[in-house]
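The values are calculated or read from the model by the stated rules, or taken from the named source; none is laboratory data. Keep in mind that what you see is a predicted model, and the values were worked out from it rather than measured. Neighbour counts run over all protein chains shown; Cβ positions are idealised from the backbone, glycine included.
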Amino acid sequence: MKTISVVGAGISGLATAWQIDQRLRGSGMDYQLRVFEAGPGVGGKIGAAQRDGFLCEAGPNGFLDSKPSTLALCEELGLSDQLLRSEEAARRRYIYSRGRLHELPGTAMAFLRSGLLDPLGKLRILGELWATPTAPDADPTVAEFGRRRLGAQAAARLLDPMVAGVFAGDPERLSLTSCFPRIAELEQNYRSLIRAMLALQLQRRKHSPGAGPAGPGGTLTSFAGGLSVLPETLAARLGQQLVCNAAVQEVSRTPTGYQLNFGAGRPPHDCDVAVLASQACDTWQPLQALDAELSAILQQFEYAPVAVVGLGFEQARLNRQLDGFGFLVPGEESRKILGSLWTSSIFAHRSPPGSVLLRTLIGGARAPALAALDEDQLVQLARAELSAVLGIEAPPVFIQVFKWPQAICQYTPGHRDRLAAIERRLALLPGLFLTGNAYRGVALNDCTQNASVIADQVTGFLHAN
Ligand SMILES: Cc1cc2nc3c(=O)[nH]c(=O)nc-3n(C[C@H](O)[C@H](O)[C@H](O)COP(=O)(O)OP(=O)(O)OC[C@H]3O[C@@H](n4cnc5c(N)ncnc54)[C@H](O)[C@@H]3O)c2cc1C
């Protein structure tokens, strides 16, 4: 009998285990699959607090439907009819700059009219057509790439908040190629992002004439019951194969594979294949005795902390309509938050009738110490910032704080070299696989896509050995 262990029941581990199970079921192979999760429940970063009619997500609030992997997983699980698309108004996104909110322009005309950049900043963007291209083997930071191609102002007011929104990161310390591979690819293929955008728009019109402008990367999608529906369904399908409260402390080699050690209270578990789907910051230690070099590479991965402060208010006590996705704050502003997402305007039924729900993000690589404040201080800080930006003075009717000391992996320059070094070490450790948001994308779509890739590699390995 072949034995497979997956460590970690976040979306990466659960989706990988499910895909392996799907491929092996009916293949004629006799196998035993186990998923070991350190915590009492599943989902990792996915979770929510639900009370008094509010549903406040702890981490991600959705995935984009512009990539197929998570949608396909939902389809396989029979969840397609439970999917919830974001409201039309959520296409409107704001950037806070110089004392007020600016709508992120979605068209060239809106861009020209927008006050987000001054006339020189707008003109400089045209210079993108002639900007010095990135050398093929260079690994620029997002900030350097942005300044070179789009100018300092656009880099600070457009790229920087995007980096805060996706990575809670510092653009001066993140690799463009590893964080935004699509942008790097477009620059390489078209030698200009403007040229790439025009060419892609032309292609879209050719293939679907009459189509309107595409939203920013698709439509955010979740479930009426919140994103937890996905990991909970996966857990239910895996059934007895899932073991919670089982933190792997050490992985060691056996003559035929690996042994997972849990410390006192749980016997070790032997397996032919071990897939580690825990964050790199939780993976280096269990691997230290097995392969010190691999462990040392994983130890270099940096994480940014984030605190999420969910606040509910009575709509009638606000003096503005929350008519969009929310706002992000560029680092050049002297504000103390990364941004605020207007949850109840993004998805229906996230707050009771007559109320609104906002999730304010604090900390990130920009201000890690703020993410470590205690809950009362975080609520005070979020309220003060929402008062300054949105004029909200009303007392909240719902409060929920989530703290993620290691929220999001930061793909710093050298990331792709580290991935190559990891691959070289794994080649010496047949049957050991690493997956999760530390390596090839932090979005849920990346995690589910990697799950299929790893499941193919695992089943290939099992059939060959
Ligand atoms: C605040 C926030 C907002 C986000 N928003 C979005 C969004 O809107 N859209 C989007 O696409 N992405 C978003 N992301 C990113 C996305 O949520 C994550 O990248 C993704 O959920 C990571 O999943 P994972 O399974 O790789 O890791 P995790 O969710 O971290 O899961 C890892 C699991 O491994 C377990 N584990 C760790 N060590 C061990 C051990 N030794 N033994 C056993 N188990 C162990 C942990 O307990 C955990 O359950 C957001 C992230 C954060 C923090």
Members of region 139-180 found to be within 16 Å of the ligand (Cβ to nearest atom) and without any contact (Cβ under 8 Å) to a residue 24 or more places away in the chain, listed by number: V163
Residue match in region 417-434 (condition: more than 15 Å from the ligand (Cβ to nearest atom), in the same structural domain as G59 (by TED's automatic domain parsing) and in contact with a Gly (Cβ under 7 Å, 6 or more places away or on another chain)): no
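Report those helices (runs of 4 or more DSSP H) wholly inside region 363-465 carrying at least 1 residues which are modelled with pLDDT under 95.
Output list reads 444-464.
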Region 185-220, subset over 20 Å from R124 (Cα atoms) and modelled with pLDDT of 90 or more, residue farthest from the chain's Cα centre (by Cα): A199
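Which of the residues spanning region 22-42 are over 17 Å from S5 (Cα atoms) and within 16 Å of the ligand (Cβ to nearest atom)?
As a first pass, look at region 22-42 and keep what is over 17 Å from S5 (Cα atoms): 26-28, 40-41.
The answer is P40, G41.
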Top-ranked residue of region 221-267 - restricted to ones that are free of Cβ contacts under 8 Å to residues at least 40 places away in the same chain and under 17 Å from L14 (Cβ atoms), ranked as surrounded by the fewest Cβ atoms within 10 Å (Cβ to Cβ): Q240
Output for region 223-271, where each listed residue is more than 30 Å from N465 (Cα to Cα) and either touching a strand residue (DSSP E or B) at 6+ places or on another chain (Cβ under 6 Å) or not in a helix (DSSP H, G or I) (or both): F223, A224, G225, G226, L227, S228, V229, P231, N245, A264, G265
Odd one out for V166, checked against (1) more than 23 Å from the chain's Cα centre (by Cα); (2) of a type outside the set (S, T, Y); (3) closer than 16 Å to G331 by Cβ; (4) surrounded by fewer than 17 Cβ atoms within 10 Å (Cβ to Cβ): (1)
Region 415-436, residues that are free of Cβ contacts under 8 Å to residues at least 40 places away in the same chain and among the basic types (K, R): R424
Residue pairs meeting the criteria (Cβ under 8 Å; at least 6 apart or on separate chains; first closer than 27 Å to L83 by Cβ, in region 201-219; second exposed (fewer than 11 other Cβ atoms within 10 Å of the Cβ) and at pLDDT below 75): R204/A211
Conditions (1) closer than 26 Å to L358 by Cα; (2) at pLDDT below 95: number failed by G26: (1)
When residues of region 224-249 are limited to those that are of a type outside the set (A, V, I, L, M, F, W, C) and near the ligand (Cβ under 9 Å from one of its atoms), the one nearest to the chain's Cα centre (by Cα): P231
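Quick grid of which residues meet (1) charged (D, E, K, R); (2) more than 16 Å from the ligand (Cβ to nearest atom); (3) at pLDDT below 95; (4) touching a strand residue (DSSP E or B) at 6+ places or on another chain (Cβ under 7 Å):
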| site | (1), (2), (3), (4) |
| --- | --- |
| D52 | yes, yes, no, yes |
| C56 | no, no, no, yes |
| G62 | no, no, no, yes |
| K67 | yes, no, yes, no |
| T70 | no, no, no, yes |
| R91 | yes, no, yes, no |
| S97 | no, yes, no, no |
| H102 | no, yes, no, yes |
Among residues of region 33-55, those that are crowded, with 20+ Cβ neighbours inside 10 Å and either free of Cβ contacts under 8 Å to residues at least 12 places away in the same chain or in contact with a helix residue (DSSP H, G or I) (Cβ under 7 Å, 6 or more places away or on another chain) (or both), counted: 6
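How many residues does region 1-32 hold that are more than 27 Å from the chain's Cα centre (by Cα) and touching a residue at least 24 places away in the same chain (Cβ under 8 Å)?
9
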